[in-house]
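Structure first, commentary second.
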Amino acid sequence: RMIADLKTIILSLQEDPFGLGTKKLSDRFIVVEHKELPLRRIYPHKRIGLPLDYQGSHDIRIVYVIDRGGEVPVIGIEGIYNHGDYDKKFG
């Protein structure tokens, strides 16, 4: 069930990478092809109307970047974390 929820979260992120439940991480960047891109995260629990089947999916944090350098914006996933691991790495 959690894998299906991850697909749902990622599809929601593709539809609206800046919407409710997302946040730019302060002073956190990643370099992609000589471009410094800010890291962002999605917190599924705060995404209104996001249907998740597995209770543990609400604690998932997906950290990603958005590269708008080409014709079509690209979302790159840095990592998928549970709440505790996310706090250890980014807290």
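Read-outs throughout are calculated quantities, based only on the coordinates presented, and are distinct from any laboratory measurement. Since the model is a prediction, treat every value here as computed from it, not as a measurement. No Cβ is skipped: glycine too gets one built from the backbone with ideal geometry, and neighbour counts run over all protein chains shown.
Can you spot the lysines whose alpha carbon is less than 16 Å from residue 24's alpha carbon? Ignore those fewer than 8 places along the same chain.
46, 89
Using a ≥ b ≥ c from the Cα gyration tensor of the chain (square roots of the eigenvalues), is it rounded, prolate or oblate, where a/c under 1.5 gives rounded and otherwise the larger of a/b and b/c decides, a/b for prolate?
Cα axes put the chain in the oblate bin.
What order, most packed first, do the peptides 70-76, 39-45, 9-15 have when packing is the mean number of other Cβ atoms within 10 Å of each residue?
39-45, 9-15, 70-76
What spacing in nm lies between the two simple spin-label points modelled at residue 1 and residue 15, each 7 Å away from Cα in the Cβ direction?
If labels sit at residue 1 and residue 15, their model points lie 2.1 nm apart.
Using a Gaussian network model of the chain with C-alpha springs under 10 Å, which one of 77, 48, 60 is most mobile by mean-square fluctuation?
Of 77, 48, 60, the Gaussian network model singles out 48 as fluctuating most.
Can you spot the aspartates and glutamates whose alpha carbon is less than 14 Å from residue 35's alpha carbon? Ignore those fewer than 8 places along the same chain.
Output for residue 35: 67.
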